[in-house]
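The values are calculated or read from the model by the stated rules, or taken from the named source; none is laboratory data. Worth saying up front: this structure is predicted, and the values here are computed from it rather than measured. Here the Cβ positions follow ideal geometry from the backbone for every residue, glycine too, while neighbour counts run over all protein chains shown.
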Amino acid sequence: MRRRGFITLLVGAASPPILLSLPVRAQHAIRRIGVLMGTAESDVEQRALVATFIRRLTDLGWRDNENIHIEYRWAAGDPDRLRNLAAELAGLSLDAIFAQGTPATTALRRSAPTTPVVFVNVTDPVSSGLVSSVAHPGGLITGFSNYEAAIGGKWLELFKEAAPAVTRVAALFNADNPGLDKSVRALNAAAPTLGMRVIEAPARDANEIKHAIDDFAKDRDGGLLVFGDFLMMANRELIVTLAATHHLAALYSLRQFTTHGGLMSYSIDSSDLFFRAATYVDRILRGVKPGDLPVQQPTKFELVINLKTAKALGLEIPPTLLARADEVIE
């Protein structure tokens, strides 16, 4: 017998059995993210947007309850509930949180200052104090803005084309949304060149929304311009109904109002933002610092016109405007 084999045999005989580790598939810890929405879970259109976000995460290799766990929270248009849900998510030790809108992102900045946050539909993240700059956000918050303040002039131009008799415009917005201040100021600055006057109509709940529209509609030649955020989205049926009741031409900053019977919207493609936001969440989960991911501007805008509503209002939409529309609802 060869010496090396003999020694090996003796050692094997004298030693207790050794359990060898067999190759197994690596076990990865499940990553945990939160999703904070200001609207109701029953909102079909909002759920479709979240589904777009989840599908993109799946395409990038993240599957719920396999290598990722998702905590959903829906505020149903209630500002107090939104803040409470942000605090609730902060206590869950999440790896990242995805949020829609300035109020939700602001609530997370206060409640979850050590958790990475990716946002969509934030109008002015710098002025809102959410990021240091668009190119270099710094900190733990980044995402995708919905439009620049200068878009107010574009909204008024579209308004003038669709409803040339309108000289007064009520700017309806969430009074507690800090990201809208600059946009409202830009709207006021653009109005005189078009022979229009802006009446600011801040509101904090459904009752204030109703009161603001009812009060504005007492005078003639008026139109309604709605800055869409979670509060307005949660009350879009009320707003569209009041506009119809008072025979007000209305332009909205989100297409969901137009599909619910509003006259016209010029807005970002929300589905595109939710899709792109998932890529940022993916990169953060793989180790990229949120502050190194620049805040991105929207790349897709869409003009939607509801001809049925226009006819009910007695408006003749110019063919040139219809030709520019991405979608015409008849």
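General observations
- Subset of segment 313-329 (residues that are surrounded by fewer than 13 Cβ atoms within 10 Å (Cβ to Cβ) and in a loop (DSSP other than H, G, I, E, B)): Gly314, Glu316, Pro318
- Yes/no for Ala310 being part of a helix (DSSP H, G or I) and either in contact (Cβ under 8 Å) with a residue 60 or more places away in the chain or within 21 Å of Ala150 (Cβ to Cβ) (or both): yes
- Checking each residue in segment 159-188 for being closer than 11 Å to Ala149 by Cα and small (Gly, Ala, Ser) picks out Gly179, Ser183, Ala186.
- Helices (runs of 4 or more DSSP H) contained in segment 172-244 and holding at least 2 residues more than 18 Å from Pro79 (Cα to Cα): 181-190, 206-216
- Residue in segment 167-177 that is of a type in the set (D, E, K, R) and under 23 Å from Phe301 (Cα atoms) present: no
- Residue in segment 278-301 that is among the hydroxyl-bearing types (Ser, Thr, Tyr), modelled with pLDDT of 95 or more and more than 23 Å from Arg168 (Cβ to Cβ) present: yes
- Considering Leu224, Leu242, the condition of being in the same structural domain as Gly261 (by TED's automatic domain parsing) and within 30 Å of Val126 (Cβ to Cβ) is satisfied by Leu224 alone.
- Residues that are within 21 Å of Arg276 (Cβ to Cβ), touching a residue at least 24 places away in the same chain (Cβ under 8 Å) and not β-branched (Val, Ile, Thr) within segment 62-78 comprise Trp62, Tyr72, listed in sequence order.
- Any chance Ser93 is of a type in the set (Ser, Thr, Tyr) and either touching a His at 6+ places or on another chain (Cβ under 6 Å) or modelled with pLDDT of 95 or more (or both): no
- Residues of segment 255-270 satisfying the condition of being more than 22 Å from Pro164 (Cα to Cα) and not hydroxyl-bearing (Ser, Thr, Tyr): Gln256, His260, Ile268, Asp269
- Any pair with Cβ under 8 angstrom, 6 or more apart, that starts in segment 190-215 at a residue that is farther than 12 Å from Phe159 by Cα and ends at one that is surrounded by 16 or more Cβ atoms within 10 Å (Cβ to Cβ) and aromatic (Phe, Trp, Tyr): Ile199/Phe216; Glu200/Phe173; Ala201/Phe173; Ala201/Phe216; Pro202/Phe173; Ala203/Phe173
- Boolean, Leu273 is under 21 Å from Ala75 (Cα atoms), out of contact with any Lys or Arg (no Cβ under 8 Å at 6 or more places or on another chain) and among the aliphatic types (A, V, I, L, M): yes
- Inspection of segment 97-104 identifies no residue that is crowded, with 21+ Cβ neighbours inside 10 Å and without any contact (Cβ under 8 Å) to a residue 60 or more places away in the chain.
- Residue within segment 190-206 that is at pLDDT below 95, assigned by TED's automatic domain parsing to the domain that holds Leu231, of a type outside the set (S, T, N, Q) and crowded, with 22+ Cβ neighbours inside 10 Å present: no
- Each residue in segment 276-306 was checked for being closer than 28 Å to Thr320 by Cα and surrounded by 16 or more Cβ atoms within 10 Å (Cβ to Cβ), and 6 of them qualify.
- Just one of the numbered conditions (1) modelled with pLDDT of 90 or more; (2) part of a loop (DSSP other than H, G, I, E, B); (3) closer than 25 Å to Ala323 by Cα; (4) out of contact with any Phe, Trp or Tyr (no Cβ under 7 Å at 6 or more places or on another chain) is not true of Glu148: (1).
- Of the listed requirements (1) at pLDDT 95 or above; (2) buried (at least 16 other Cβ atoms within 10 Å of the Cβ), Asp124 misses just one: (1).
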